[in-house]
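I have placed the structure first, in the form of structure tokens, so that the comments after it can refer back to it.
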Amino acid sequence: VRALRQSALQSKQHIRNRIKLKPNRNRISFSTAASVLPPYHDDTPISTNKHFPRLFTPLHLNSSIGTLPNRILMGSMHTGLEGHSIPSLLLPFLNADVTHDDLSPMATYFEQRAKGGVGLMVTGGIAPNVAGWVGPFAAKLTTKYEVERHKEVTGRVHNVMVPSDGEKGGERARICMQILHAGRYAMHPLAVSASKTRAPISPFRAKELSLAEVHSTIHDFVHCAVLAKEAGYDGVEIMGSEGYLINQFLVRKTNQRNDDYGGEDFINRMRFAVDIVRQTRQAVGGDFILIFRLSMLDLVEDGSSWEEVKLLAQAVEDAGATIINTGIGWHEARIPTIATSVPRGSFAWVTKKMREENVVDVPLCATNRINAPSVGEWILDEDCADLVSMARPFLADPEIVNKSRMGKVEEINTCIACNQACLDHAFVGKTASCLVNPFSCHETEITMEEDSVPEEQRLNIGVVGSGPAGLAFATTAAKIGHKVTLYDKSEEIGGQFNMAKRIPGKEEFHETIRYFNWQVDQLVKDGRMTLKLGTEVSHEDMERDESLDRWIVATGVNPRTPSIPGIDHPKVLSYIDVLRNNAEVGKRVAIIGAGGIGFDVAEFLIHHTATDRTADDMNVNEWLRDWGVDATNERRGGLIQQGQNNSQHLNPSGRQIVMLQRKKGKLGKNLGKTTGWIHRSTLAKSQAVEMIGSVTYDKIDENGNLHISINKGGGTEGPKKEIKRVLEVDNIISCAGQVPMDELEKECGENDELGKKVYTIGGAYEALELDAKRAIDMGTRLALKIQDPAVVPGKHEFQSGTGPEEKLFGLLNRFMK
């Protein structure tokens, strides 16, 4: 212990003096003027790539480690491919469909991204000990057995050469392993932290680490890094941000200790982080990349101050960090940081502030909502950072770097930051995927090769409907060799995505339609697909056309009309009337239904402007102001004081909305696990929406006013007494769910021969909100199997098996309830 403590001791004055020695150039604020910084200077000249020269400039780290081929880092993501540490004796009792007992899916996943041209990759978080598990029996690296499993991952990655504009013309692909100790964020009863506290996002109160346990935990981090090197990793990323254990030591509200690792003095509170970095560097040597993920903007009350962030940055550089990666926001923060409503590159200014003030010399990496090469190039060109981190964009398109290098940006399947198949899956122990790319994280389960279907098995297929399900099926089937005719009664493809892209905060949906348009155009040019827009297909048309071997019905959904007296009043509109047909809506509005569509309509009515916006139209400064972020990062935690943010822009429409639901409880309860709170907060901040549950719709009168009962049958006294209200409104908008548009399927079912050829997918198969994730996955998987004689109507839905991690999370949730 004495030796550990001796190696940890640093002169407080020495660290403070180093900060003072670094001049603050006091440049003009990034958010208000173009950068006046000179270009970043290192030993490598800017690349000659004519599309994105900054992105494809190699980065020389040092003589021991070498050079990265480009400035793109694939950031860490929890995918569920990292394996688990569930005892083998317990696995049979979980009755899982798949065991996840080897890391070959993880190896394939990273190998594909390496072939896609990324310079450096970071794995999902791996715990250094049992207490650090994110969830029960999560992935860890503590034993030689686990080392051997990881060797397949590193070996497969190292077999890939990544193109480079440097002298060599290419560099071996590199991969780092993230070491993550969850601390009080652990979703299990063994949670530990700097002090005995409970996180608002966890049901478990963390035990305080004793001084001996602090030293033991430091040793566990170091041991984990040594094992990672033995497994073949090129480095590690030490997770010091997002509110995990290291972050919990840094902040006084979660660190109430009074020993060498706590107290009022930040030098003590940062000692845990610095000890880990220093001792790790001493253990692994100089030829190993050591990334430190530094929380530069906590976004929680009483978080770190900017001076403390700089002190820590300087200290971890001194201790041996190779790269400092930017961390934004604790997981418990009530400000979104990666969701689709966050403008692109919203937090690059934070990394730039660190760079402008010349705090450190090691490369800095910018993160969060960098989903396009143009955004990354802009960040580097503005001298905000030395590298840019993209994480989820590699789920959406493993080839994003290669396509960017060649200037084929229209071919990129852009991440829309929806969280539906990645983060939402991670929080329930389910293997991640991607709404716009269902192959992601399932590369060993479902594969696609162009023209892979033998000639004798190729089919002529008609697809009715070009929404998400129809497009996914049609493009996949055409690529693997089938001849596809795609019909839609509309004059444009996209289906209900064309409504979604109009919702403020969902501007990224434009990108998915753009990508599908590109695919369809290419397939039509290649003679693989025939596109017939403005064409409505009837049952009779299907019976007459005997040239087609299969029919795919992807006609989507219709709004459900609730059974309310007076529902046919002219003041009543459906969500389609509003979002697609631009119906005029008054200032006083009642919305029936508080699911995803109801929230989208409310958002549209409050924030939609005269014209539809794209992702590039979003204003970062306005967004930061509206969410109360201190764009100077001068206030502790980076939050504007209560009442300082200007809220006049939060309801530009001037509308007043009443949102209603029949169910008891919180409105929007079943929205996305990681994004639902954002939708609720956005409407709450507008001060324009009243939310009422436990509603019975009595009638709509002759004036178009809505009569409701709240807590009907609840008596005349008490907090749940029955209340009658008349909502005097200009319009009532029905968002009361959907029904499948399955008339074609039913009509065809009456003809035995035709019925055998008709497969219904997407919303027409089952109407569950507007579930594009399920629709695209279903369409893709069916397309890959449609030629199989065993695949018949009614038995044509295919899904991934349930893993043991998901089973465990389900058991844990039941236990907590």
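Of note:
- Test: residue in the range 78-99 that is outside any loop (DSSP other than H, G, I, E, B) and closer than 19 Å to residue 158 by Cα: no
- Count - residues of the range 51-89 that are surrounded by 17 or more Cβ atoms within 10 Å (Cβ to Cβ) and hydroxyl-bearing (Ser, Thr, Tyr): 4
- The residues in the range 381-414 that are assigned to a loop (DSSP other than H, G, I, E, B), touching a residue at least 60 places away in the same chain (Cβ under 8 Å), open to solvent by less than 10 Å² (accessible area, probe 1.4 Å) and in contact with a strand residue (DSSP E or B) (Cβ under 9 Å, 6 or more places away or on another chain) can be counted, and the count is 2.
- Options 496, 457; residue that is closer than 21 Å to residue 515 by Cβ, in contact (Cβ under 8 Å) with a residue 24 or more places away in the chain and surrounded by fewer than 24 Cβ atoms within 10 Å (Cβ to Cβ): 496
- Residue 757 meets the conditions (1) within 23 Å of residue 424 (Cα to Cα); (2) in contact with a helix residue (DSSP H, G or I) (Cβ under 9 Å, 6 or more places away or on another chain); (3) open to solvent by less than 60 Å² (accessible area, probe 1.4 Å) in every case but one. The failed one is (1).
- Exclusive hit being within 23 Å of the chain's Cα centre (by Cα), among the small types (Gly, Ala, Ser) and assigned to a helix (DSSP H, G or I), set 138, 107: 107
- Being of a type in the set (Gly, Ala, Ser) and not in a loop (DSSP other than H, G, I, E, B) is a description that does not apply to residue 166.
- Any hit, the range 549-559, residues being more than 34 Å from the chain's Cα centre (by Cα) and not aromatic (Phe, Trp, Tyr): yes
- Helices (runs of 4 or more DSSP H) enclosed by the range 250-354 - at least 3 residues per element that are in contact (Cβ under 8 Å) with a residue 12 or more places away in the chain and open to solvent by less than 10 Å² (accessible area, probe 1.4 Å): 271-284, 306-319
- Residues of the range 777-790 classified as of a type in the set (A, V, I, L, M) and open to solvent by 10 Å² or more (accessible area, probe 1.4 Å), total: 2
- Unique match (being crowded, with 16+ Cβ neighbours inside 10 Å, on the phi < 0 side of the Ramachandran plot, free of Cβ contacts under 8 Å to residues at least 40 places away in the same chain and of a type in the set (Asp, Glu)) among 745, 766: 766
- Every condition in (1) open to solvent by 20 Å² or more (accessible area, probe 1.4 Å); (2) farther than 20 Å from residue 663 by Cβ; (3) touching a helix residue (DSSP H, G or I) at 6+ places or on another chain (Cβ under 8 Å) holds for residue 689 except the one numbered (2).
- Options 501, 571; residue that is basic (Lys, Arg) and either open to solvent by less than 40 Å² (accessible area, probe 1.4 Å) or closer than 28 Å to residue 752 by Cβ (or both): 501
- Residue 431 vs. criteria open to solvent by 40 Å² or more (accessible area, probe 1.4 Å) and polar (S, T, N, Q): no
The values are calculated or read from the model by the stated rules, or taken from the named source; none is laboratory data. Here the structure is a predicted model, which means the values were calculated and not measured. Cβ atoms come from the backbone with ideal geometry, glycine included; neighbour counts cover every protein chain shown. When the accessible area is computed, the model is the full protein with side chains, heavy atoms only, and any ligands, DNA or RNA have been set aside. Shrake-Rupley method; radii C 1.70, N 1.55, O 1.52, S 1.80 Å.
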